[in-house]
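The values are calculated or read from the model by the stated rules, or taken from the named source; none is laboratory data. Model, not experiment: these values are computed from the prediction. Using ideal geometry, Cβ is built from the backbone for each residue, glycine included, and neighbour counts are taken over all protein chains shown.
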Amino acid sequence: MSTSEETNIVMWKFVRGDTSVSDFEEWVYSESSLEELLGEDLYMKIISANNSDKSAIWDVRKLLREYLDKNSELLCKCVTLSDSTVLGMGSENADEAFETLVRRKERGMPFWWLLLYQCSKCQQWWLVGQEERHNDDFCLQRLKPDIADKIMHNNDWPDTFDKYETMLHWSHEAGHSVRFDDPMNSSLLYTVEDLARERPGIAISELAKLLNLDIPLATAIAKKVIRNEKVDIDFKA
């Protein structure tokens, strides 16, 4: 790997939010060849930015993204993805990312949503949670080779997505949500049941937040689930 490629990887980590502002600033001042690589104008904009100003940092990331888009020879999307990211199923971002991702292993029941993927171009490993019941999202976590090796040879999986609820939290934080035409007769009932079994006594307010429901509708669905499945949901919280 050339020096410029290594430098680009460091900048991609900052652009995608996986490197802190302070660590990136320290790296910038330690790289003597960075000005020559970026050009004087871009380099000066970076080192003169107010690192305590969020809008200024956003501008720096935007400028670097534009530079990297022009100067990175990408064979895959892996370097552009955050270490922890959410991609909507059927979205352009997901289609582009999964174009080079190869399924290497499925965890199987009861964790039917968990899979291990590897990029056919850069060899990056990804833990993938397929949240296809509610928001239709892929939740991806970047894995180091030693962790992937444990999965492949020992069936020893990270517990990141062991709970289905975790994927719903990720989707919620990413701003992803859906509405059902007929929520009382939809997959929402199975999702509420699973969440209540994973965490008995879960609050109705938490269910409503996770599933993008108002409290009255969440309550109606929860009561229907309780009648059929005898799970425990807290209606006071």
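For region 157-165, does any single residue satisfy the condition of being surrounded by fewer than 16 Cβ atoms within 10 Å (Cβ to Cβ), assigned to a helix (DSSP H, G or I) and touching a Leu at 6+ places or on another chain (Cβ under 8 Å)? No, region 157-165 contains no residue that is surrounded by fewer than 16 Cβ atoms within 10 Å (Cβ to Cβ), assigned to a helix (DSSP H, G or I) and touching a Leu at 6+ places or on another chain (Cβ under 8 Å). Is there any pair with a first residue in region 76-93 that is outside the structural domain of residue 64 (by TED's automatic domain parsing) and closer than 17 Å to residue 167 by Cβ and a second that is of a type in the set (Gly, Ala, Ser) and surrounded by fewer than 18 Cβ atoms within 10 Å (Cβ to Cβ) whose Cβ atoms are under 7 Å apart and which are 6 or more apart or on different chains, and what are they? The qualifying pairs are 82/17; 86/174. Quick check on region 200-213. Is at least one of its residues among the hydrophobic types (A, V, I, L, M, F, W, C), assigned to a loop (DSSP other than H, G, I, E, B) and in contact with a His (Cβ under 7 Å, 6 or more places away or on another chain)? Looking through region 200-213, at least one residue is among the hydrophobic types (A, V, I, L, M, F, W, C), assigned to a loop (DSSP other than H, G, I, E, B) and in contact with a His (Cβ under 7 Å, 6 or more places away or on another chain).
For region 169-187, a residue qualifies if it is assigned to a loop (DSSP other than H, G, I, E, B), touching a residue at least 40 places away in the same chain (Cβ under 8 Å) and within 11 Å of residue 134 (Cβ to Cβ), and the qualifying residues are 176, 177, 178, 187.
Does residue 220 qualify as being over 21 Å from residue 88 (Cβ atoms) and buried (at least 18 other Cβ atoms within 10 Å of the Cβ)? For residue 220, the condition - over 21 Å from residue 88 (Cβ atoms) and buried (at least 18 other Cβ atoms within 10 Å of the Cβ) - is not met.
So which residues in region 66-90 are part of a helix (DSSP H, G or I) and either surrounded by fewer than 17 Cβ atoms within 10 Å (Cβ to Cβ) or within 17 Å of the chain's Cα centre (by Cα) (or both), if there are any at all? Residues satisfying the conditions are 66, 69, 70, 71, 78, 79, 80. Could you list, in sequence order, all residues of region 27-48 that are closer than 14 Å to residue 59 by Cα, free of Cβ contacts under 8 Å to residues at least 24 places away in the same chain and surrounded by 12 or more Cβ atoms within 10 Å (Cβ to Cβ)? Result: 43, 44, 45, 46, 47.
Filtered by the rule that a residue be assigned to a strand (DSSP E or B), touching a residue at least 40 places away in the same chain (Cβ under 8 Å) and not hydrophobic (A, V, I, L, M, F, W, C), region 94-128 gives 104, 105. As for region 95-107, it holds no residue that is modelled with pLDDT under 95 and surrounded by 14 or more Cβ atoms within 10 Å (Cβ to Cβ). Of the residues that sit in region 200-217 and are crowded, with 16+ Cβ neighbours inside 10 Å and within 23 Å of the chain's Cα centre (by Cα), which one is farthest from residue 111 (Cα to Cα)? Out of the qualifying residues, it is 213.
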